[in-house]
Amino acid sequence: MPSGKSEILQGTLDLMVLKTLEAMGPLHGYGIARRIEQVSEELLQINQGTIYASLVRLQQRGWISAAWGASESNRKAKFYSITKAGRKQLRAEAESWEKISGVIGRVLRLAERS
């Protein structure tokens, strides 16, 4: 991977959004993106278009819900929350990700032995 900001693997942003909402509770889109960036120690940079596309997709699938509220700066903002279906999906996707990352790790270790 090149130095600097890393690309997010396709399909992983939704998983990170669901996990962030599960851990942090309701957040607005900017807050979700910023929290993922913080947890990644700034290795990931999420632009607003990318996060909002993920939020729309997750909302359409019924995995998150949205309600209007006031942000920290007292501006109107849409706050997102994980739903029961979203928690179920998060568990399934996290389990799948653990398996896949384990396989990738084994393949990389095999490559080192060559």
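Taking a ≥ b ≥ c as the square roots of the eigenvalues of the Cα gyration tensor, the range 37-110 is classed as oblate, since a/c reaches at least 1.5 and a/b does not exceed b/c. When +1 charges are put on Lys and Arg Cβ atoms and -1 charges on Asp and Glu Cβ atoms, the dipole computed for the chain relative to its Cα centre reaches about 360 debye. Phi angles across the range 73-80 convert, under the Karplus curve 6.51 cos²θ - 1.76 cosθ + 1.60 with θ = phi - 60°, into 3J(HN,Hα) values of 8, 6, 9, 5, 8, 8, 9, 10 Hz, Gly and Pro given as x. Here r is the Cβ-Cβ distance between Trp68 and Gln48 and R0 is 22 Å; the resulting FRET efficiency, rounded to 0.05, is 0.80.
The calculated 222 nm mean residue ellipticity attributable to helices in the chain amounts to -19500 deg cm²/dmol, summing -39500 (n - 2.57) over DSSP H runs of n ≥ 4 and dividing by all residues.
Read-outs throughout are calculated quantities, based only on the coordinates presented, and are distinct from any laboratory measurement. From a predicted model like this one, the values you see are computed outputs, not experimental measurements. Here the Cβ is made from the backbone with ideal geometry for all residues, glycine too, and neighbour counts use every protein chain on show.
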